Structures are given as C-alpha cells and as structure tokens.
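J.: Submitted below is the structure of interest, expressed as structure tokens.
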C-alpha cells in the first residue's frame with residue numbers, strides 16, 4: 001500500500017516538472033555563444049535562445065541576430081535586463097516574416113555552429129558564432145502578470161478584522177507551437 005502511494009506521489013510530482021517542447025529536445029553541447037566565439041567550437045550541436053535583435057531575410061534564407069539569454073527548464077529564455085550570454089547569428093532556409101519575428105521576441109534555436117562572423121557593434125568589432133538552424137521556436141509574447149487576490153476565510157479579518165489580502169496566482173502564459181517551416 002505504501003509503495004503504491006509513494007509511486008503515485010512520485011509520478012504526480014514528475015508530471016509537474018517543466019520540460020522542453022518536443023522539437024527542442026536532444027543532446028547539445030554545453031557552451032554559450034560568447035564561449036564558443038572565443039574557443040572557435042565549429043561543428044558543435046547547440047540549443048541557444050534569447051531575444052531577437054534583427055531579422056534579415058534574403059532570397060534563399062533568413063538570418064536572425066540574437067542576444068543570448070540563459071534557458072529555463074522548458075528551454076525558454078529567462079527574462080533578464082542586465083545579463084546576456086553574448087550574441088549569435090542563426091540562419092535557416094526560407095522566408096521568416098520580420099513582422100512576426102519582431103525584435104524583443106523570445107526564440108529558442110537548435111542547430112550546428114558552422115562559422116564565425118565579425119560585425120561591428122558601435123565602434124567595437126564583435127565575433128558572432130553563426131548557426132545553421134534546424135529549429136526556430138518562436139515563443140508567445142509575455143503578458144503582463146497581474147496578481148489575482150483572495151481573502152483567506154481562516155485569517156482574522158475575514159469578517160472585518162485585519163483585512164488581509166494575499167496574491168496567490170498569476171495568469172499563465174499561453175502555450176505555443178514552433179514556427180512552421182517556411183513555404184519554398
């Protein structure tokens with residue numbers, strides 16, 4: 001009996017853990033963009049994500065300039081205004097609309113490091129790792145998180161005492177599917 005209860009509780013706990021969406025799962029090198037640019041690690045399979053800085057479509061492919069961020073347990077970039085893991089460029093064949101893949105959107109990209117490219121940021125020459133992207137996963141926009149309040153019936157003040165209100169829930173972000181491959 002105890003074993004059955006233990007297995008039920010364990011399976012319920014594991015079901016609540018966040019996992020990466022199916023297209024983003026796999027084995028990847030544990031290296032950050034800034035690290036790979038210094039070490040020159042071409043050929044490594046990576047899963048990187050961050051904020052889109054710029055989208056540059058061309059007749060054969062679309063290239064994304066990304067400000068890399070740390071990925072959470074679901075492989076979504078963690079919002080951080082004051083920290084980055086460097087920058088990288090990811091290119092994939094086909095057309096990705098810059099009106100949809102706008103700056104400030106979160107993406108997670110899987111692919112292989114194929115080359116390094118130097119571009120200027122202001123007066124600074126920056127060495128970007130360039131990926132041959134396999135998956136470009138566009139995350140839904142983050143909504144403002146307004147707290148939802150409740151009044152605890154067991155807390156003194158439910159009937160006019162302390163008047164305690166506690167925020168307990170926020171609206172969850174909607175789920176998203178990966179961006180479909182572009183039509184050729």
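J.: So, in the range 1-36, of the ones that are in a helix (DSSP H, G or I) and at pLDDT 75 or above, which residue ends up nearest to the chain's Cα centre (by Cα)? Give the steps one after another, and end with the answer.
T.: Initial filter on the range 1-36 (in a helix (DSSP H, G or I)): 2-15, 22-24, 33-36.
Going one step further and asking which of them are at pLDDT 75 or above, we end up with 22-24, 33-36.
Details: 22: 14, 23: 13, 24: 10, 33: 15, 34: 17, 35: 19, 36: 19 Å.
That would be 24.
J.: Which of (1) modelled with pLDDT of 90 or more; (2) under 14 Å from the mean Cα position of the chain (by Cα) is the odd one out, the single condition residue 79 does not satisfy?
T.: The one condition residue 79 does not meet is (1).
J.: If you don't mind, there's one more thing I want to ask. Quick check on residue 80: is it surrounded by fewer than 20 Cβ atoms within 10 Å (Cβ to Cβ) and either in contact (Cβ under 8 Å) with a residue 24 or more places away in the chain or in contact with a strand residue (DSSP E or B) (Cβ under 7 Å, 6 or more places away or on another chain) (or both)? Give the derivation first.
T.: Numbers: surrounded by fewer than 20 Cβ atoms within 10 Å (Cβ to Cβ): yes; either in contact (Cβ under 8 Å) with a residue 24 or more places away in the chain or in contact with a strand residue (DSSP E or B) (Cβ under 7 Å, 6 or more places away or on another chain) (or both): yes.
So residue 80 passes the test.
J.: For the range 58-66, check the following and say yes or no: at least one residue is in a loop (DSSP other than H, G, I, E, B), surrounded by fewer than 20 Cβ atoms within 10 Å (Cβ to Cβ) and at pLDDT below 85. Give the steps one after another, and end with the answer.
T.: So the first thing to find is which residues in the range 58-66 are in a loop (DSSP other than H, G, I, E, B), and the list is 58-60.
Within this subset, residues satisfying the condition of being surrounded by fewer than 20 Cβ atoms within 10 Å (Cβ to Cβ) are 58-60.
After this cut, where a residue has to be at pLDDT below 85 as well, the list is none.
No, the range 58-66 contains no residue that is in a loop (DSSP other than H, G, I, E, B), surrounded by fewer than 20 Cβ atoms within 10 Å (Cβ to Cβ) and at pLDDT below 85.
J.: Just the residues that are outside any loop (DSSP other than H, G, I, E, B) and touching a helix residue (DSSP H, G or I) at 6+ places or on another chain (Cβ under 9 Å), please, taken from the range 72-108.
T.: Of the range 72-108, the ones outside any loop (DSSP other than H, G, I, E, B) are 77, 87-93, 106-108.
87, 88, 108 - these are the residues of the range 72-108 that are outside any loop (DSSP other than H, G, I, E, B) and touching a helix residue (DSSP H, G or I) at 6+ places or on another chain (Cβ under 9 Å).
J.: Count, please, the residues in the range 39-57 that happen to be without any contact (Cβ under 8 Å) to a residue 60 or more places away in the chain, more than 17 Å from residue 118 (Cβ to Cβ) and exposed (fewer than 13 other Cβ atoms within 10 Å of the Cβ).
T.: Going residue by residue through the range 39-57, those that are without any contact (Cβ under 8 Å) to a residue 60 or more places away in the chain are 39, 50-57.
Okay, now just the ones that are also more than 17 Å from residue 118 (Cβ to Cβ), so 50-52, 55, 57.
In the following step, the residues that additionally are exposed (fewer than 13 other Cβ atoms within 10 Å of the Cβ) were identified as none.
So the count comes out to 0.
J.: Name the one entry in 113, 136 that is closer than 19 Å to residue 25 by Cα, assigned to a strand (DSSP E or B), under 14 Å from the mean Cα position of the chain (by Cα) and modelled with pLDDT of 75 or more. Explain how you work it out, then say what you get.
T.: Working: 113 fails: under 14 Å from the mean Cα position of the chain (by Cα).
It is 136.
J.: Report whether or not residue 174 is under 29 Å from residue 32 (Cα atoms), in a loop (DSSP other than H, G, I, E, B), under 26 Å from the mean Cα position of the chain (by Cα) and modelled with pLDDT of 55 or more. Steps first, please.
T.: Details: under 29 Å from residue 32 (Cα atoms): yes; in a loop (DSSP other than H, G, I, E, B): yes; under 26 Å from the mean Cα position of the chain (by Cα): yes; modelled with pLDDT of 55 or more: yes.
Taking the combined requirement at face value, the residue satisfies it.
J.: Still on this model: Determine whether the range 163-170 contains at least one residue that is assigned to a strand (DSSP E or B), at pLDDT 70 or above, surrounded by 11 or more Cβ atoms within 10 Å (Cβ to Cβ) and touching a strand residue (DSSP E or B) at 6+ places or on another chain (Cβ under 7 Å). Spell out the reasoning first.
T.: Applying the first criterion (assigned to a strand (DSSP E or B)) to the range 163-170 yields 166-170.
Those left that are additionally at pLDDT 70 or above: none.
So far as the range 163-170 goes, no, none of its residues is assigned to a strand (DSSP E or B), at pLDDT 70 or above, surrounded by 11 or more Cβ atoms within 10 Å (Cβ to Cβ) and touching a strand residue (DSSP E or B) at 6+ places or on another chain (Cβ under 7 Å).
The values are calculated or read from the model by the stated rules, or taken from the named source; none is laboratory data. These figures come from a predicted structure and were not determined experimentally. A quick note on method: Cβ atoms are made from the backbone with ideal geometry, for glycine too, and the neighbour counts reach across all protein chains shown.
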